[in-house]
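Scroll down for the structure; my scribbles are underneath it.
The values are calculated or read from the model by the stated rules, or taken from the named source; none is laboratory data. The structure presented is a predicted model; accordingly, all values stated were derived computationally and were not measured. Quick reminder, even Gly has a Cβ in these numbers, built from the backbone with ideal geometry, and neighbours come from all protein chains shown. Surface accessibility is based on the protein's heavy atoms, side chains included, excluding ligands, DNA and RNA. Shrake-Rupley method; radii C 1.70, N 1.55, O 1.52, S 1.80 Å.
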Amino acid sequence: MAQTKTNERTTEKQPLLAKSQPGRNARPVSLIYVPLHLGGTHRGASMGPAAMKVAELPERIKSLGFAVAQEIDIEVPHSVCWWDKDTQSKCVPEIHQVSEAVADAVETAMQAGNLPITIGGDHSLAIGSIAGAASYYKKNEQNFGLIWFDAHGDINTPDTTASGNVHGMPFAVSLGLGDEKLVNLKGFSPKVPAKRSALIGIRDVDPPERDMINQTGITPFTMKEIDHLGLGRVTDLALGSVGADVDGIHVSFDIDVIDPDVAPGVSTASRGGLSYRESHLALELLAESDLVRSIDIVELNPAFDVRNKTAELAVELILSALGKRIL
Ligand SMILES: [Mn+2]
């Protein structure tokens, strides 16, 4: 276990120079808690929303000057399907049920003019949140882009997966590839075109995923590009790659994109990730674009965390994504 000396505690909650300044287009926030663990092998992911509440997520959003319009707890079935090693993708009926509820909550929030933030829970919840956002844009005849932060590709299908874990598949599902029931959520597919999708921070990619990334036409930015160009430039390039004509952007942020030294509380840690400042910078720049309309923050696993510091970081990152600035 990691040491828990007192000097390892996270920074104080309100840095001296921080200001509450929601932008001109600031929307009230809808917090959608999804204690979903059925997409992975680590049950601790189900405690993610609770840890974010302990880290005072709603209070801190309000202290930034944003209204919290609603807080919704999505019900997740108590299932033991993750023990089933025989099916190619595990817990699909249960994840489908959760995805429908998440999609409805996200779409309803966007219709009301709110900004939905989906709090995980494992990354399979993005199947629902992206379906909900996509349905909103479709009904309004608008385009949106998808910017996905992850150490992994999350672009497996039942045909390529080695584990059967659906949290390794949500990007593929959103592009229209994979289990039919999940792909056809909300009655249409794909949810987002590959040309409007970017994947940032990857460093742990399965061989079939490499082919998928190259064949689908999404825009990938590996850790090599980030080291070479800097994350500021990469974020600008990602914004450009999803299109100058989008009406909004969905940000799907897997906390495992951050280096595990900074963010240990995740289910599938991978060395060589984003630094503390890089992770903030990316979200600060996306907030400045004024295009972020919906956010996932996923894969927090308090069972692997140290003094809740990864949850505290996740809360800070949400504030940056909402437009919290140093000056
Ligand atoms: Mn992921």
In the set Ala126, Ala162, Ala133, Ala151, which member is aliphatic (A, V, I, L, M), open to solvent by less than 10 Å² (accessible area, probe 1.4 Å) and more than 10 Å from the ligand (Cβ to nearest atom)? Ala133
Just need a number here: residues in segment 49-72 that are in a loop (DSSP other than H, G, I, E, B) and either of a type in the set (Phe, Trp, Tyr) or open to solvent by 20 Å² or more (accessible area, probe 1.4 Å) (or both). 4
Inspect segment 227-250 for any residue being hydroxyl-bearing (Ser, Thr, Tyr), within 16 Å of the ligand (Cβ to nearest atom) and either closer than 26 Å to Leu322 by Cβ or free of Cβ contacts under 8 Å to residues at least 24 places away in the same chain (or both) and give the result as yes or no. no
Can you find even one residue in segment 105-118 that is within 16 Å of the ligand (Cβ to nearest atom) and either closer than 13 Å to Gly39 by Cβ or at pLDDT 95 or above (or both)? yes
Residue hits (segment 237-277; farther than 22 Å from Ile130 by Cα and open to solvent by 50 Å² or more (accessible area, probe 1.4 Å)) are Asp261, Ala269, Arg271, Tyr276, Arg277
Boolean, Gln21 is of a type outside the set (A, V, I, L, M), modelled with pLDDT under 95 and closer than 13 Å to Leu322 by Cα: yes
For Glu180, which of the numbered conditions (1) under 27 Å from Pro260 (Cβ atoms); (2) away from the ligand (no atom under 14 Å from the Cβ); (3) out of contact with any helix residue (DSSP H, G or I) (no Cβ under 6 Å at 6 or more places or on another chain) fails to hold? (1)
So His167 ticks every box in (1) in contact with a His (Cβ under 7 Å, 6 or more places away or on another chain); (2) more than 13 Å from the ligand (Cβ to nearest atom) but one. Which box is left unticked? (2)
Anything in segment 306-327 that is among the small types (Gly, Ala, Ser) and open to solvent by 10 Å² or more (accessible area, probe 1.4 Å)? List them, or say none. Ala321, Gly323
Scan segment 269-282 and give yes if some residue there is among the aromatic types (Phe, Trp, Tyr) and within 16 Å of the ligand (Cβ to nearest atom), otherwise no. no
Considering only segment 201-217, state which residues are without any contact (Cβ under 8 Å) to a residue 60 or more places away in the chain and either basic (Lys, Arg) or part of a strand (DSSP E or B) (or both). Ile202, Arg210
State which residue pairs qualify: first residue in contact (Cβ under 8 Å) with a residue 40 or more places away in the chain and more than 16 Å from Arg293 (Cα to Cα) and inside segment 94-122, second residue away from the ligand (no atom under 16 Å from the Cβ) and open to solvent by less than 10 Å² (accessible area, probe 1.4 Å) in any location, beta carbons under 8 Å apart, and separation of 6 or more residues or different chains. His96/Leu185; Ser99/Ala131; Ser99/Leu185; Glu100/Leu185; Gly120/Pro49; Gly121/Tyr33; Gly121/Pro49
Could you list all residues from segment 109-123 that are within 21 Å of Lys62 (Cβ to Cβ) and either crowded, with 22+ Cβ neighbours inside 10 Å or not small (Gly, Ala, Ser) (or both)? Ala109, Met110, Asn114, Leu115, Pro116, Ile117, Thr118, Ile119
Selection count where residues are touching a helix residue (DSSP H, G or I) at 6+ places or on another chain (Cβ under 7 Å) and either among the polar types (S, T, N, Q) or more than 16 Å from the ligand (Cβ to nearest atom) (or both), scope segment 284-306: 13
When segment 171-189 is checked residue by residue, the ones that are among the aliphatic types (A, V, I, L, M) and open to solvent by 40 Å² or more (accessible area, probe 1.4 Å) are Leu177
